[in-house]
Amino acid sequence: MKLDIEQKAYLIDQVVALDLPIRKVIRNLYEAAAATVGKPLCLAAAEKIAATSRKRDTVLLTTGFPIPPKNIGETDGPLGTAVLTETLLAAGLKPVIATDDHSMEIVKAASPNIPVISFPKDDEKASHLAEKILLELNPSALIAIERPGWNQKHEYHTMRGLNISSLVGKTDYLFEIGRKRGISTIAVGDGGNELGCGTIIETVRKHVKYGYTCQCPCGGGIAASTPADVLVVSGISNWGAYGIAACFSLLKDLKYAHDKEKELHLLNRVVEAGAIDSITLESKPLVDGLPPSMNTLVAELINTIANS
Ligand SMILES: [Zn+2]
């Protein structure tokens, strides 16, 4: 059976939105996000990047989610970012990644050939750096993958409703200033507290635990307030980024190469660099509590669909 790109994109969205971590809100969040674009989300995101980027343009990605109490970056995010940056490189674009100190070594381990910038936590420094980067790199698109997003009070939270503002480099400024300049914004999230989930803030407040009320004194809930032009909701954010990479490869007629062996390799690399699993809080090759078997299965499914 030879599938066309629309059919493949439909299947890829079905796979990346699988609620294998049993969050029980993925379907609500996915449907709210899909309603904003009216087509498969990974394809919409890939088309957005393709429409706004020409060869040799810089694309600025941001990832890295620090998890307390160890205050180390998690395994979700850097893998998806690595796969998407490889795809963008293959298409002749110039990816650059922004993160913060807690995920710096992890992101570098996953993407050793990509420049990585550490973002400051201080508001003034972060907004100045965002202005400087946007001016100097002039990116054609901004892409956030499992990156903390501030709420309406500019506070950052974990899924458990805990305040992590003291840990997070304020990459929201990239999106805030970039959007005002008309730069395309794409985001991937799986819980509603990630940068870009402002696109569906009311759905997050309604359905996600701590969405409306957090466990910290800010009183703003964990729902992220900064929106993106296209928000991809997936069961695990890495998968959403793989889906975008697969759709972008299809649009550009490139081979999509991320498979189970590459998934295992990347997972082991980030764990060697210290990454922790957000659920068990241990430095083990798990992503949001899911074992390598589940993550390689999803990686392989996306690969099979893309190359079918
Ligand atoms: Zn709070």
Can you find a residue in segment 69-83 that is surrounded by fewer than 24 Cβ atoms within 10 Å (Cβ to Cβ), under 13 Å from residue 246 (Cα atoms) and aliphatic (A, V, I, L, M)?
no
Of the conditions (1) surrounded by fewer than 24 Cβ atoms within 10 Å (Cβ to Cβ); (2) of a type in the set (Phe, Trp, Tyr); (3) touching a helix residue (DSSP H, G or I) at 6+ places or on another chain (Cβ under 8 Å), the single one that residue 30 does not satisfy is (1)
Could you please find all residues in segment 96-115 being surrounded by fewer than 22 Cβ atoms within 10 Å (Cβ to Cβ) and in a strand (DSSP E or B)?
96
Give segment 215-234 a look and list any residue that's surrounded by fewer than 24 Cβ atoms within 10 Å (Cβ to Cβ) and either at negative phi or at pLDDT 95 or above (or both), or say none.
215, 216, 217, 218, 220, 225, 227, 229
Show the residue pairs meeting these rules: Cβ distance below 8 Å; 6+ apart or different chains; first residue within segment 95-114 and among the basic types (Lys, Arg); second residue buried (at least 18 other Cβ atoms within 10 Å of the Cβ).
108/116; 108/273
Inspect segment 126-144 for any residue being in a loop (DSSP other than H, G, I, E, B), small (Gly, Ala, Ser) and away from the ligand (no atom under 16 Å from the Cβ) and give the result as yes or no.
yes
Which of the numbered conditions does residue 2 fail, given that it passes all the others? Conditions: (1) modelled with pLDDT of 95 or more; (2) surrounded by fewer than 18 Cβ atoms within 10 Å (Cβ to Cβ); (3) of a type in the set (Lys, Arg).
(1)
Please return the ranges of helices (runs of 4 or more DSSP H) entirely within segment 197-284 where 1 or more residues are charged (D, E, K, R) and within 16 Å of the ligand (Cβ to nearest atom).
201-207
Within segment 168-196, residues surrounded by fewer than 24 Cβ atoms within 10 Å (Cβ to Cβ), among the small types (Gly, Ala, Ser) and not in a helix (DSSP H, G or I) come out as 182, 184
How about segment 1-60: which of its residues are part of a loop (DSSP other than H, G, I, E, B) and within 30 Å of residue 115 (Cβ to Cβ)?
53, 54, 55, 56, 57
Pairs returned, first residue in segment 66-94 that is at negative phi, second residue that is in a helix (DSSP H, G or I) and of a type in the set (D, E, K, R), beta-carbon separation under 7 angstrom, 6 or more apart or interchain, are 91/252
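The values are calculated or read from the model by the stated rules, or taken from the named source; none is laboratory data. Keep in mind that what you see is a predicted model, and the values were worked out from it rather than measured. Backbone-built Cβ (ideal geometry, glycine too); neighbour counts: all protein chains shown.
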